[in-house]
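First up is the structure itself, then whatever we jot down about it.
The values are calculated or read from the model by the stated rules, or taken from the named source; none is laboratory data. Keep in mind the model is a prediction, meaning the values are calculated, not measured. Cβ placement follows ideal geometry from the backbone for every residue including glycine, while neighbour counts extend to all protein chains displayed. Note: areas computed on protein heavy atoms with side chains; ligands, DNA, RNA excluded. Shrake-Rupley method; radii C 1.70, N 1.55, O 1.52, S 1.80 Å.
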Amino acid sequence: MDKDSTANHVPGYGARSGWSREHASRIERSEDTTAPVFYPPAVDEVPDVHVWDTWLLRNRDGAIAEIDGYRVAFSLTASADLLPGKRHDVATIRYFYSSDGRAWHKGGPVFEDALGQRTWAGSALYEDGQVYVFYTAAGENGAAELTYSQRIVGASGGTAVTDDDGIRIEGPWTHHELIRPDGDRYEREDQSRGMIYTFRDPWFFEDPQTGETYLLFEANTPVPEGSDVCSGDPAQQEFNGSIGLAHSPTGDPLDWELQDPLLDAVCVNQELERPHIVYQDGQYYLFVSSHMHTFAPGLSGYDALYGFVADSLQGEYVPLNDTGLVVTNPSNAPFQSYSWTAFPHREKVLVQSFFNYFEFDADSMDLVAALPESEQMRRFGGTLAPTLQLRIEGTESEILGTLDHWHIPLPREDLPPTDRELFERADASTRSYGGDASD
Ligand code: FRU
């Protein structure tokens, strides 16, 4: 890996790798990183609930679990009657299932007794007939007001029961608090000076090279007040996102010890959301979602999927495409999708996200709140977005095309070539016949 890659990373806060201001300062849309404009699906699979952050039930090795021919997706959800901006305050995990990766059926709420005032994202493991759901308990149970504390919880005891009607994910569940921020490697809420505090979004991951078991999560790095870590600009210090790591010494999915963060974005960005890894060609591709409004002063980025690559889990990670930008929305629909997760499909990488605000071309998502409520409702997708197809090689990625909303192809499914691939093939065959037509 290019040793110069993190030259601008500020050392001293535990993370081995960093997203530097230098790399982030070059973020710019390109054909390879910009998704096409999305339109609402012909049929809304789940009209009565808003659906956003989504994750698939997976086996320990990361493969999508298939149980008696069904695959299961978990999503953050809220009643579709609710103003979309309020949904985070009442988020509930529901599940959906599909036998063909196209039509998804509603399974209902997963828990009745989750910890926290609301449940945020999330990953899920299927092992030996048991379902484990890892989630974020946001807010303190019993508090009169909404609070923003976050801790990471694992629910065990779940089973998957199939019959003629489909598949049911059932309890009784036991909810275990797995990790809380230690205030040293990971900022506690009372240390936070930043705009949006984070300690959330657990992602189960077994390292294929070592067989060790990890949990990745979104966090912030405690930067002491008065530090001159960001070249003397104190305002930048409040932007201290990190990708946290916990290790299970025994492999037990409920037994974790905090380790140093994998990567931080101190002086660069406040929120590195929903971290996860795709292992491909012996490389670790580490992805996060982040927002336009969470970049530190002096930097401008987009609501986008950002990625980094290393040849071991611990890194050192270098940003993909030089800047980290992997997938963003088009400039005339900058908030059309969010919360991307990447997963391998044959030689490609597919990226699933949710359909966010469409027909909304503003400089900031905050301006949604200025729209009449009926428009806030109408322009919110609240369902899954079209799945994107990517090619990733080494440190470069490119968007090749799309699949339908909610389409998560079965492992055995061959994807027809996208227009871009057909164009490339035609171009290559012209070249192999001598290329220049004037010859
Ligand atoms: C990303 C996110 C997650 C969080 C959830 C809350 O879309 O901010 O980090 O778990 O939304 O709704």
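So the values come out like this:
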item	result
Scan of the stretch 259-268 for residues that are within 18 Å of the chain's Cα centre (by Cα) and either open to solvent by 10 Å² or more (accessible area, probe 1.4 Å) or among the small types (Gly, Ala, Ser) (or both), ordered by number	Ala265
Residue match in the stretch 218-229 (condition: open to solvent by less than 20 Å² (accessible area, probe 1.4 Å), touching a strand residue (DSSP E or B) at 6+ places or on another chain (Cβ under 6 Å) and either under 27 Å from Ala362 (Cα atoms) or of a type in the set (D, E, K, R) (or both))	yes
Positions within the stretch 71-89 being within 10 Å of the ligand (Cβ to nearest atom) and either loosely packed, with under 14 Cβ neighbours inside 10 Å or assigned to a loop (DSSP other than H, G, I, E, B) (or both), in sequence order	Asp89
Residues being of a type outside the set (Phe, Trp, Tyr), surrounded by 20 or more Cβ atoms within 10 Å (Cβ to Cβ) and either under 20 Å from the mean Cα position of the chain (by Cα) or assigned to a helix (DSSP H, G or I) (or both) - total across the stretch 182-205	4
Residues being out of contact with any Pro (no Cβ under 8 Å at 6 or more places or on another chain) and more than 15 Å from the ligand (Cβ to nearest atom) - total across the stretch 193-220	10
Any hit, the stretch 359-368, residues being touching a Pro at 6+ places or on another chain (Cβ under 8 Å) and at positive phi	no
Long-range neighbours under 6 Å by Cβ, at least six apart or interchain, first residue under 16 Å from Ser156 (Cα atoms) within the stretch 97-122, second within 16 Å of the ligand (Cβ to nearest atom) and open to solvent by 40 Å² or more (accessible area, probe 1.4 Å)	Pro109/Thr92; Pro109/Arg94
Options Leu299, Leu305: the member that is modelled with pLDDT of 95 or more, closer than 19 Å to Glu22 by Cα, in a strand (DSSP E or B) and not charged (D, E, K, R)	Leu305
Qualifying positions in the stretch 328-378 - within 16 Å of the ligand (Cβ to nearest atom) and polar (S, T, N, Q)	Thr328, Asn329, Gln336, Ser337, Ser339, Thr341, Gln352, Ser353, Asn356
Evaluation of Ala103 against (1) more than 14 Å from the ligand (Cβ to nearest atom); (2) assigned to a strand (DSSP E or B) (one fails), failing number	(2)
Ala160 vs. criteria in contact with a Phe, Trp or Tyr (Cβ under 8 Å, 6 or more places away or on another chain), away from the ligand (no atom under 16 Å from the Cβ) and of a type in the set (A, V, I, L, M, F, W, C)	yes
Candidate set from the stretch 13-39 (those that are of a type outside the set (Phe, Trp, Tyr) and open to solvent by 70 Å² or more (accessible area, probe 1.4 Å)); member that is farthest from Arg378 (Cα to Cα)	Arg16
Residue check for Tyr214: outside any loop (DSSP other than H, G, I, E, B) and of a type in the set (Phe, Trp, Tyr)	yes
Odd one out for Asn356, checked against (1) closer than 22 Å to Trp104 by Cα; (2) modelled with pLDDT of 95 or more; (3) touching a Leu at 6+ places or on another chain (Cβ under 9 Å); (4) of a type outside the set (Gly, Ala, Ser)	(3)
Looking only at the stretch 238-258, and only at residues there that are assigned to a strand (DSSP E or B) and free of Cβ contacts under 8 Å to residues at least 40 places away in the same chain, the one that is surrounded by the fewest Cβ atoms within 10 Å (Cβ to Cβ)	Glu257
